Amino acid sequence: MIILSIETSCDETGITIFKATGQQNKASFEILATSLSSQVKIHAQYGGVFPSLAKREHQKNLPILFKRTMKKAGLENKKKPFDLIVVTSGPGLEPALWTGIVFTKELAEKYTVPLLPVNHMEGHIFSVFAKNKGTFTIPKINFPALSLLVSGGHTELVLMRDWLQYEVIGQTLDDAAGEAFDKVARMMELPYPGGPEVSRLAEEFRKFVNLRTFAQAGEPSKANFHQKIMRGEKIHKLSEHDSSNILSERMTLPRPMKYSKNFDFSFSGLKTAVLYLIRDLKEENIKIDEKLKSEIACEFENAVVETLVHKTKKAVEKYSIKTLIVAGGVSANKHLKKEMQKMLKDTNSKTTLLFPDKKLTGDNSVMIGVAGYLEYIKNKTKSMNSKNIQAEGNLKL
Ligand code: KG4
Ligand code: ZN
């Protein structure tokens, strides 16, 4: 069947047209055309996503992208171009979600095809099986599976005993991991979205520490090698500037709830600790330069990743998890991926680890289409009346 899939939950307008066949763990997809339009540049000036602006942009983008995607898929002149429409109905920003829902309701009526609402977080789970172009098949996976979903609005551990069965066993009690990255970035006057920028600085600091360690260990050749692979002037200057010896001790940030007995998270205290650290440094007239920012970014990233990995490890052990999925915007974080791989290796775990393709870590309509098709063939929502579909900002899995 041909599926049209639309995602507008936040600041990305996504439209994908697929050909889908087969049942559950053998479902195959062929992407006929896919488009994604990001509003990041528009929201950057406000330091975060502005809901009414997001709504306006989606409304403007949807008809343009739709026309373009239909053309790319060669369906623009078809009487009945698709058999099913799926749309994100939540969680997300309600004004943004409504734009996709209203748009797809009109199409569903025009072409008399069923319209199915999809949970955005379920989409993120399925992103690990998808590709951004061409064809792909849902593989056979072993259950129980566990999904660590880390995005701008969510941080949760979801237990899956079978396909499409979800039990949230832990979640953040306050800020989401991505939200904490974005807020810490803003404190350091880094551009929005902060996650990639904080992560880039953290990686630079790690390289710098490596370089210093090699130099101190009397291995200048390795140090030179590292210097070469580092990117130019900026890094070079960092290694000359050596405030880190004095500052490193006070840089230690908390790991909130790391040892709590449940699977919940909390990132708001960590974010506040960064706020106080920066305030104190400023009061002492210490310049928050690139070097210092990269050190703070590194310690902050370490604290977030350590907590995420520790809780995930506990859940993997407790539920004898066979497949571990990490998805959502923050799954693009290189340190998180490395530490998750290391955790499984260090524990001699046989658990299969799945991360999405880099292009599908953020919001997109490919993942929504995959989740939608699987829900559709399971017939779970057979009696769904598409007229009743509503945007649900806090929709749960
Ligand atoms: O899933 P997503 O695209 O949108 C939501 O559904 O929220 O996630 C966006 C979040 C943002 O907070 C962004 O800063 C974060 O993912 N993010 C990252 C990285 N890339 C994106 N956080 C840490 N490291 C990254 N490399
Ligand atoms: Zn998302």
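FYI, it's all coordinate maths here, none of it is from the lab. Nothing here was measured: the structure is a model prediction, and the numbers come from that model. Heads up, the Cβs are rebuilt from the backbone with ideal geometry, glycines too, and the neighbour counts pull from every protein chain shown.
Some observations on this one:
- Burial ordering of Ile64, Ile3, fewest other beta-carbon atoms within 10 Å first: Ile64, Ile3
- In the chain, taking the dipole from charged Cβ atoms about the Cα centre, the farthest positive-side position among Leu281, Val184, Gly362 is held by Gly362.
- Efficiency of FRET from Cβ geometry, Asp174 and Lys334, R₀ 30 Å, rounded to 0.05: 0.75
- Extension gain from Glu317 to Asp357, taking 0.36 nm per residue of separation minus the Cα-Cα distance: 11.8 nm
- Helix-only CD estimate at 222 nm, as mean residue ellipticity for the chain, using -39500 (n - 2.57) per DSSP H run (n ≥ 4): -14500 deg cm²/dmol
- Angle of helix 51-72 to the longest C-alpha principal axis of the chain, folded into 0 to 90 degrees and rounded to 10: 60°.
- Theoretical FRET efficiency, 1/(1+(r/R0)^6), r = Cβ-Cβ of Val102 and Ser260, R0 35 Å, to 0.05: 0.25
- For the pair the stretch 279-340 and the stretch 60-130, the centres of their Cα atoms are 34 angstrom apart.
- Listed by chain and number, the aspartates and glutamates placed with their C-alpha closer than 14 angstrom to that of Lys287 are Glu189, Asp242, Glu295; residues fewer than eight positions away on the same chain are left out.
- Counting only alpha carbon atoms, the long axis of helix 94-111 and the longest principal axis of the chain meet at about 30°.
- Extension gain, Ser38 to Lys282: 0.36 nm times the residue separation minus the Cα-Cα distance gives 84.3 nm.
- Which listed pairs, of Lys19/Lys80; Lys80/Lys133; Lys291/Lys359, have C-alpha distances above 18 Å, in listed order: Lys80/Lys133; Lys291/Lys359
- Our estimate of slack between Lys79 and Leu275, defined as 0.36 nm per intervening residue step minus the Cα-Cα distance, is 64.8 nm.
- With respect to the chain, whose longest principal axis is taken over its alpha-carbon atoms, helix 220-229 is tilted by about 30°.
- Semi-axis lengths, Å, the chain, gyration tensor of Cα atoms, sqrt of 5 times eigenvalues: 40, 23, 20
- Ranking of Lys131, Lys207, Lys291 by count of other Cβ atoms within 10 Å, fewest first: Lys131, Lys207, Lys291
- Sites Asp289 and Arg68, calculated FRET efficiency, Cβ-Cβ separation with R0 45 Å, nearest 0.05: 0.50
- Beta bridge orientation in the chain: antiparallel %, DSSP, nearest 5: 60
- Charge dipole (Cα centre; +1 on Lys/Arg Cβ, -1 on Asp/Glu Cβ; no other charges) of the stretch 117-186 amounts to roughly 420 debye.
- Burial order of peptide ranges 27-40, 337-350 (average beta-carbon count within 10 Å, highest first): 27-40, 337-350
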